[in-house]
Each structure stands twice: as structure tokens, then as C-alpha cells.
Amino acid sequence: MGYKPKDGFPYYFDLAKNLDYLSLFTSESTFDFLSSISEEKAKYRYESKKWSIKQIVGHLTDHERIKIFRSFLMSRNYNVELWGYDQNFLVMNSRFEELTLNQLLTDYKNVRKSTISFIESLSDSQLNIKSWARHYEITLVDFLKSIIGHEIHHINIIKEKYI
């Protein structure tokens, strides 16, 4: 594809491409891992300008909300380019640091339940609808997998640099 490693969509898709999309969303491994982190550790930043674990959890929740809305539009054949967003702006204008890790995880789990409800309603023909993410033509199922690929990316960073 001619992209740099960790360059958004194709990288995130590659992290999850060989897995079934529904099992990706129903796995509890991310929530189990994040629940094992202490409140004190959740405030940790490995560099001063990097996000805390709490901010990462909030970002994952925001990301899933945004991407599922776009998935909804795509599933209805709403011709839309799957545009990017300014993740730093959203995190900096959040209350993630004021909330407990448990509150953030509860919100994330609630978003995930809604996501599962949505994706279970999709037909095979809807899952194969194509649209554009940046300059990549993708199917809805690939777009959904990229949501979990994004999650895998951040969990890997937490494991490598925070824990």
C-alpha cells in the first residue's frame, strides 16, 4: 500500500485483519487488562507531553464513538468520505483526568455494548459496502476492524511504555 508503519487506517487494519470482526468487539481482553491498572498508575505519563492512561482510555472511547457513527453512515449507503479528526483537541477538551479510571471504563464498556448492538444488526451486503478512508477504498467490515486495530495499537503502547 505504500504507507509508513503506524500511519492510521492501513496500520490499524493490519493489526486486526486476520480476525473475525464480531469476535474483536466481543472480546473482554482489553477491559480485563485496563481494569487491572491502579488509579494511581492510570494517571502516569511516560513523557510530560504524552497522554496519561486515563486519557488513552477516554480517547479510545471517543474514537469508537466517532468511527461507529461513520460506520452507521456507511452502512446506510450515505456517500461520505471517512474523514480524520483532531484527537489531541478532543482529549485536551475532555474531563478524562478528573474522572476515575473506573468511570472511564464504564463509559467505554457502554459504548462497546452499543457498538455490538449496531454491528449485530448489519447484513452481509452492508458489511461489504465500500467507501473511502483517506485515499484507501475499504469495506465497512474493514473499517470496523480498524477500530479494534486502533485499540490494539494503544494497548500495545500502554504495555510497552506505561506498565
* **Among the candidates Tyr44, Tyr85, residue that is assigned to a loop (DSSP other than H, G, I, E, B), among the hydroxyl-bearing types (Ser, Thr, Tyr), surrounded by fewer than 19 Cβ atoms within 10 Å (Cβ to Cβ) and without any contact (Cβ under 8 Å) to a residue 40 or more places away in the chain** => Tyr85
* **Filter pass, Asp107 being of a type in the set (Asp, Glu), in contact with a helix residue (DSSP H, G or I) (Cβ under 8 Å, 6 or more places away or on another chain) and not in a strand (DSSP E or B)** => yes
* Does Leu90 count as open to solvent by less than 40 Å² (accessible area, probe 1.4 Å) and modelled with pLDDT of 95 or more? -> no
* Given Lys161, Lys145, Lys113, which one is surrounded by fewer than 12 Cβ atoms within 10 Å (Cβ to Cβ) and in a helix (DSSP H, G or I)? -> Lys113
* Asked: Here is a list of conditions, (1) among the aliphatic types (A, V, I, L, M); (2) in contact (Cβ under 8 Å) with a residue 24 or more places away in the chain; (3) more than 24 Å from Leu24 (Cβ to Cβ), and Met92 meets all of them except one; can you say which number that is?
  -> (2)
* Does region 3-19 hold any residues that are at pLDDT below 80 and in a helix (DSSP H, G or I), and which are they? -> Phe9, Pro10
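The values are calculated or read from the model by the stated rules, or taken from the named source; none is laboratory data. Note that the coordinates shown come from a computational prediction; the quantities given were computed from them, not determined experimentally. Reconstructed Cβ throughout: ideal geometry from the backbone, glycine too, with neighbour counts over all protein chains shown. These accessible areas exclude ligands, DNA and RNA; they are computed on the full protein's heavy atoms, side chains included. Shrake-Rupley method; radii C 1.70, N 1.55, O 1.52, S 1.80 Å.
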